[in-house]
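K.L.:
Attaching a single structure in structure tokens format; questions to follow.
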Amino acid sequence: MINLSDILPRAAILCNPALAGSYYVVVAKTLDWIDAGSFLSLEALFLFPISIGILVFHLKELDRDTVVSGLLLGSVLFLNMFISVWSISFTMVTNAGFYPALIGPMTVFAAWLVFGIELLSRHLLAALIAFAGAVVLISSGFNASGNWRGDILAFVATAVFVLYILLLERRAGERANSLILWAAQMLTVSALAIVVYIGIGTAPLQVFHSRDFVFVGAYSAIFTTMLPVLFSTYAQKHLSAVFVSFTYLLEPLWAAGLAFLIIGERLGYLQFLGGVLILTASLIMWAGDRREKAAVQATVRTGA
């Protein structure tokens with residue numbers, strides 16, 4: 001019998017690497033016209049009314065814990081988004097897109113060292129293989145643009161996102177309403193984006209009337225921010241941060257593929273090798289998880 005409560009969280013989180021991977025391409029093309037602060041404010045035009053509407057509709061269900069969680073998670077998420085956009089101002093899309101390959105290994109070791117989470121042997125094996133793949137990917141294009149700031153910022157953005165994944169595991173508990181928590185995060189992100197635009201944005205207000213900018217803002221807000229955050233907020237009620245982090249290993253593969261198809265950035269042999277390694281690490285995590293689930297179900301049936 002199909003268990004939807006087991007399948008849906010995995011299906012939801014599996015969508016995120018493809019959606020997030022397209023983010024780098026959208027940002028790169030848009031930053032030819034406007035700065036990072038103005039780009040994020042484009043998303044706010046769509047995030048703000050939708051998140052406000054959802055929170056007003058569910059006002060009676062909104063509690064202090066959800067508000068605090070939404071502010072905390074939304075602030076960390078915005079910091080990741082801003083640094084990611086900023087990094088692409090200084091480096092190629094594929095270079096910035098390779099750094100999420102570190103999300104899995106960094107999450108594993110942060111979960112172990114900082115939070116004391118017990119790890120399985122397959123976690124460590126997958127982390128080591130993913131780390132090797134990430135090193136191959138990143139080193140193959142390191143400083144290719146002649147500017148190290150982009151690489152440093154991309155690494156910092158990855159570290160911030162690891163923090164977000166670990167915090168979300170603790171804040172998206174069984175008692176949390178995923179939709180309300182998601183809306184609180186989106187409202188925080190949009191509010192911070194507007195503040196940053198007022199403070200450092202350079203694009204004139206007239207640019208927001210452009211059809212091209214409205215399309216970019218709509219796509220980025222809906223497909224690279226709203227849906228991925230909703231999927232992860234829901235999925236991490238059921239899946240561990242370590243498991244989720246290895247799904248994001250696929251993000252560089254999507255980013256590189258889309259960068260090749262849309263803006264013509266090409267991959268070398270080392271980058272293909274790195275891609276094979278991180279794909280292997282992700283498959284180890286997923287295959288191991290399914291074996292453990294099957295063993296648990298068999299034990300339950302035997303005991304019954």
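Let's see how each residue does on (1) over 15 Å from Ser41 (Cβ atoms); (2) at pLDDT below 90:
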position: Val189; (1), (2): no, no
position: Ile198; (1), (2): no, yes
position: Ala203; (1), (2): no, yes
position: Lys237; (1), (2): yes, yes
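K.L.:
Run Ile165 past the list (1) in a helix (DSSP H, G or I); (2) modelled with pLDDT under 90 and report the number of the one that doesn't hold.
P.N.:
Of the numbered conditions (1) in a helix (DSSP H, G or I); (2) modelled with pLDDT under 90, the odd one out for Ile165 is (2).
K.L.:
Select from segment 152-162 the residues that are over 14 Å from Ala101 (Cα atoms) and out of contact with any helix residue (DSSP H, G or I) (no Cβ under 6 Å at 6 or more places or on another chain) and list them in ascending order.
P.N.:
Ile152
K.L.:
For segment 253-270, what are the residues that are at pLDDT 75 or above, crowded, with 21+ Cβ neighbours inside 10 Å and over 15 Å from Trp286 (Cβ atoms)?
P.N.:
Across segment 253-270, the qualifying residue is only Trp254.
K.L.:
I've got another one for you. Looking for something in contact (Cβ under 8 Å) with a residue 24 or more places away in the chain, surrounded by fewer than 17 Cβ atoms within 10 Å (Cβ to Cβ) and farther than 26 Å from Thr30 by Cα - is there at least one such residue anywhere in segment 213-222?
P.N.:
So far as segment 213-222 goes, no, none of its residues is in contact (Cβ under 8 Å) with a residue 24 or more places away in the chain, surrounded by fewer than 17 Cβ atoms within 10 Å (Cβ to Cβ) and farther than 26 Å from Thr30 by Cα.
K.L.:
Then there is this: What about Ala159, is it closer than 30 Å to Val67 by Cβ, at pLDDT 90 or above and outside any loop (DSSP other than H, G, I, E, B)?
P.N.:
It is true that Ala159 is closer than 30 Å to Val67 by Cβ, at pLDDT 90 or above and outside any loop (DSSP other than H, G, I, E, B).
K.L.:
Checking the conditions here, which among Leu153, Leu77 is crowded, with 20+ Cβ neighbours inside 10 Å, in contact with a Phe, Trp or Tyr (Cβ under 8 Å, 6 or more places away or on another chain), modelled with pLDDT of 90 or more and more than 21 Å from Gly257 (Cβ to Cβ)?
P.N.:
Selected residue: Leu77, the only one of Leu153, Leu77 that is crowded, with 20+ Cβ neighbours inside 10 Å, in contact with a Phe, Trp or Tyr (Cβ under 8 Å, 6 or more places away or on another chain), modelled with pLDDT of 90 or more and more than 21 Å from Gly257 (Cβ to Cβ).
The values are calculated or read from the model by the stated rules, or taken from the named source; none is laboratory data. Computed from a predicted structure; not experimentally measured. No Cβ is skipped: glycine too gets one built from the backbone with ideal geometry, and neighbour counts run over all protein chains shown.
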